[in-house]
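The values are calculated or read from the model by the stated rules, or taken from the named source; none is laboratory data. Here the structure is a predicted model, which is why all the values come from computation and not from measurement. Note that each Cβ is placed from the backbone with ideal geometry, even for glycine, and that neighbours are counted across all protein chains shown. Heads up: the accessible areas ignore ligands, DNA and RNA and are worked out on the full protein's heavy atoms, side chains in. Shrake-Rupley method; radii C 1.70, N 1.55, O 1.52, S 1.80 Å.
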Amino acid sequence: MECLSHKSEIVNTFSNVRSFSFQEKKAPLLDEERVNSLLDAILDFKNSLKEKTAKIYNVNERIEKITWFNDLDEESLMLLNDLISSAKDLRTSLIRQYISMNFFRKKGIAKEEIKDFKNSIDELKEAYEDLESVFFFLPEMPDFVETTSKLSLV
């Protein structure tokens, strides 16, 4: 009796393997539609990252222009302080996004776009630190004030 049970299990397993094997021979592993969807998603990611990077570079340029302003009043300095805080907050969010791309970096996906994105984030930090130095730290240094006064006479 047990022999019939074993035989039945063997037949069922054979039938299952046979059916599965046949299906796999008919269906290619890399279905063209699936590959195209994957490639489209990668292109969308790269384009989105390029757009975001361009926005960051634009912000950087605008901040850099502000460093050339002179004779700002107290209200303008307060606004600059708020701008610097917002830029720092933005950078923190962007760094989190960059870290979340670790998988893509390891796999070499969108390598150049991710590198440019990171560069724009680094430049953002430099831009707001320059702004902070020019308007809040350097004016407090007597040597800087003296040198600036001499340069304005030239």
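Only Cα pairs under 8 Å and 6+ residues apart enter the sum, and on that basis the relative contact order of segment 1-129 stands at 38 percent. If r is the Cβ-Cβ distance from Phe103 to Asn36 and R0 is 25 Å, what FRET efficiency results, to the nearest 0.05? With R0 = 25 Å, the Cβ-Cβ based efficiency is 0.75.
Once you have a ≥ b ≥ c as the square roots of the Cα gyration tensor eigenvalues for segment 7-61, tell me rounded if a/c is under 1.5, and otherwise prolate or oblate according to whether a/b is larger than b/c. Prolate, because a/c is 1.5 or more and a/b exceeds b/c. Prolate is the label for segment 1-137, because a/c, from the alpha-carbon gyration tensor with a ≥ b ≥ c as root eigenvalues, is 1.5 or above and a/b exceeds b/c. Calculated FRET efficiency, Asn70 to Lys50, Cβ-Cβ distance, R0 = 35 Å: about 0.50 to the nearest 0.05. Using a simple spin-label model with pseudo-atoms 7 Å out from Cα toward Cβ, Glu9 and Glu126 lie 7.0 nm apart. To the nearest 0.05, how large is the calculated FRET efficiency for Leu77 and Lys115 if R₀ is 35 Å and r is the Cβ-Cβ distance? With R0 = 35 Å, the Cβ-Cβ based efficiency is 0.50. Ordered by solvent-accessible area of protein heavy atoms (1.4 Å probe), largest first, the residues Thr13, Thr67 come out as Thr13, Thr67.
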